[in-house]
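The values are calculated or read from the model by the stated rules, or taken from the named source; none is laboratory data. All values derive from a computational prediction rather than experimental measurement. We place every Cβ from the backbone using ideal geometry, glycine too, and count neighbours over all the protein chains shown. Surface areas here come from the heavy atoms of the whole protein model, side chains and all, with no ligands, DNA or RNA. Shrake-Rupley method; radii C 1.70, N 1.55, O 1.52, S 1.80 Å.
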Amino acid sequence: MIPSDATFAGTYPFAPHFTKAPGFRMHYVDEGPGDGEIILCLHGEPTWGYLFRYLISTLSRTHRVVVPDHMGFGKSETPAGRSYWLQDHIANLEAFVLALGLTDITLVMHDFGGPVGMAFAARHPERIRRIISANGPTSFGQPDAVDRAVANAARSPWFQWIIKAEADGTLEPVLNNLGFNILSTLKLNGFENNAVITDTWLDAYGAPFATEADCLGALGWAKGFATGAHEFERPDPAAERIIRSKPALAIWGEADRTLLAEYFLPLFSALFPSAPIERLPGVGHYCFEDAPEIISNLIVDFLRRT
């Protein structure tokens, strides 16, 4: 776990906040005016709130930006006695949002933050104001969602590796040393902007995984896919009706080799048929690293228009 006061050479200068509402010490950033509209940013694998550092700085001028680190990631605790499946992260987020009393939420979701955020929306649709997917799947009970995920996994280097590694017994040895091989793991998932790679950047992404005991979150997410342990939430008809009526935006780096646009953007369009989709050529899976300014401007414009 990263020291709570770590700023990584001032690149993540935000005051740390903690809650034990989900049953462990969960870290979050809470920046901007307290009475501002709430932007809730949800990261994925194997990142943490650091991914949203540019977006936090931009949006917190006008909005309240809340960025939790999932259990086992970032500055949050990695409890030894917990499981780290999708349904666990969903329950943690629900406890977190209810404890903070967040309403009128704009969700910004990346990677597995997509199914976590959409599951929360299924459980509490009345708390959602807008949906923003940035290379994050909007799984919401679409009948072809599983087939699309399976087809994507057959072509994605990341999913091909975790399935093979689980079968041959190398998943744990590799991901239990994530602090040392973080760059290769991030690169396998895909970013195109190699200029972001500095010692500080590597430290920020590697520090949460300093020991084997710190790697349970990253390991759990991969292992859950390989073993079918993740349980996706299905909305009831009332929740689906409410969420379908919300303003939504998809931003997709087209060079994403982990979550291919052809498989996941149709899930978004099925749910939000008239919503805009911004496709970014040459931008990879970690779109917030490849094109932070472009994405921030797209989100600012979307917030202004809706």
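Given the peptides 12-20, 62-70, arrange them by the average over their residues of other C-beta atoms within 10 Å, most packed first.
62-70, 12-20
Taking the dipole about the Cα centre of the chain, with the C-beta of Lys and Arg at +1 and of Asp and Glu at -1, give me whichever of 252, 83, 222 is farthest to the positive side.
252
Distances longer than 12 Å among the Cα atoms of region 1-47: what percent of all pairs is that?
Tail fraction, whole percent: 74.
Taking the mean number of other Cβ atoms within 10 Å as a proxy for protection, how do you rank 185-193, 144-152 from highest to lowest?
In decreasing order of mean packing, 185-193, 144-152 become 185-193, 144-152.
Could you work out the relative contact order of region 144-301? I mean the mean sequence separation of Cα pairs under 8 Å and 6+ apart, divided by the number of residues, in percent.
Computed value for region 144-301: 29 percent relative contact order.
Amide H neighbours of residue 9 under 5 Å, at least 5 residues apart or on other chains, H built in the peptide plane: list them.
Amide H neighbours of residue 9: none.
Determine which lysines satisfy two conditions relative to residue 223: a Cα distance under 23 Å, and not lying fewer than 8 residues away in the same chain.
75, 164, 187
Taking the alpha-carbon set of the chain, what are its Rg and Dmax in Å?
Here Rg and the maximum Cα pair distance are 17.6, 52 Å.
How much accessible area per residue does the chain have, counting only protein heavy atoms and a probe of 1.4 Å, in square angstrom?
38 Å²
Rounded to the nearest percent, how much of the accessible area of the chain (1.4 Å probe, protein heavy atoms only) is carbon and sulfur?
That share works out to 53 percent.
Could you tell me the relative contact order of region 8-305? Use alpha-carbon pairs under 8 Å, at least six residues apart, and round to a whole percent.
Dividing the mean separation by the residue count of region 8-305 yields 21 percent.
With +1 on each Lys and Arg Cβ and -1 on each Asp and Glu Cβ, how big is the dipole of region 1-120 about its Cα centre, in debye rounded to the nearest 20?
That gives region 1-120 a dipole magnitude of about 180 debye.
In debye, nearest 20, what is the charge dipole magnitude of the chain about its Cα centre with +1 on Lys and Arg Cβ and -1 on Asp and Glu Cβ, if you could check?
That gives a dipole near 600 debye.
Pairs of alpha-carbon atoms within less than 8 angstrom and 6+ residues apart define the contacts here; what relative contact order does region 59-126 have, in percent?
Value for region 59-126: 26 percent.
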